[in-house]
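All remarks here apply to the structure that follows.
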Amino acid sequence: MFAKVRNASMVFLSAMFLAACSSSGTYTMKQELIEPVNNQKTVSIWVRSDKVPESEKEDVKKACSSLQEKLYARLVSEGLFKSSVVYPNKGDYSLEVDVLGVRLVSNAARLWFGIMAGASGIEANVLLRDETGKVLTEFHADGSSATHPMSSESGSDNAVNELATEIAQAMKKR
């Protein structure tokens, strides 16, 4: 009996450890892509944080800047668009990322509190519009870092990277 409990405990702890070692993200479609995106066109990227509480503004500014940089490169490197520009520059398409919340866990907190410090995370609503302003797709996406302090994916930048990955993946759904 004791051996069964010990084995079950080891499996449970191993599963928790492995889950805590990697970053992740998700997206939920509100409106599927209604027409194919022309990958020979330009996209204008607009990352804003109007809906974030004042108490989070400092963390959000850093996360928004990082997300904009990642999207700027990723949308072109993954073949979704020919080139990208940053708002207020105009593109053939407009990608509007409205950041709803950010939770950044510092390295010090992660070392002091370990897994209990939780994951860094970021969530956003995303719209892709054509040049006429018509919404082509709309979805909610989020990204979170690993929670384990020794994981190579436990930094806040990993949460932002996961969000950028989810945005690109959602836009690939054709």
Would you grab the residues whose amide H sits under 5 Å from the one on Y93? Only those 5+ places off in sequence or on another chain, please, with H modelled 1.01 Å from N. T42, V43, S44
Pull up all non-local amide H partners of V86: gap of 5 or more, or a different chain, and H-to-H distance under 5 Å with H placed in the peptide plane. I45
Once both label points are put 7 Å beyond Cα along the C-beta direction, the V76-Q40 separation in nm becomes 1.8 nm
Apply the Karplus curve 6.51 cos²θ - 1.76 cosθ + 1.60, θ = phi - 60°, to the phi angles in region 128-140 and return the couplings in whole Hz, x for Gly and Pro. 10, 10, 8, 5, 8, x, 5, 6, 8, 7, 9, 7, 10
As straight-line cross-link partners of K51, the qualifying aspartates and glutamates (C-alpha separation under 14 Å, not fewer than 8 residues apart within one chain) are D59, E96, D98, E123
Express in nm, to one decimal, how much length is gained between K90 and T132 on full extension, taking 0.36 nm for each residue of separation and deducting their alpha carbon distance. 13.9 nm
Hz values of 3J(HN,Hα) by residue in region 159-171 - Karplus curve (6.51, -1.76, 1.60), Gly and Pro given as x: 5, 5, 4, 5, 5, 4, 4, 5, 4, 4, 4, 5, 6
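Each value in this text was obtained by applying a stated rule to the coordinates, not by laboratory testing. Owing to the predicted nature of the structure, the values given are computational and were not obtained by experimental measurement. Backbone-built Cβ (ideal geometry, glycine too); neighbour counts: all protein chains shown.
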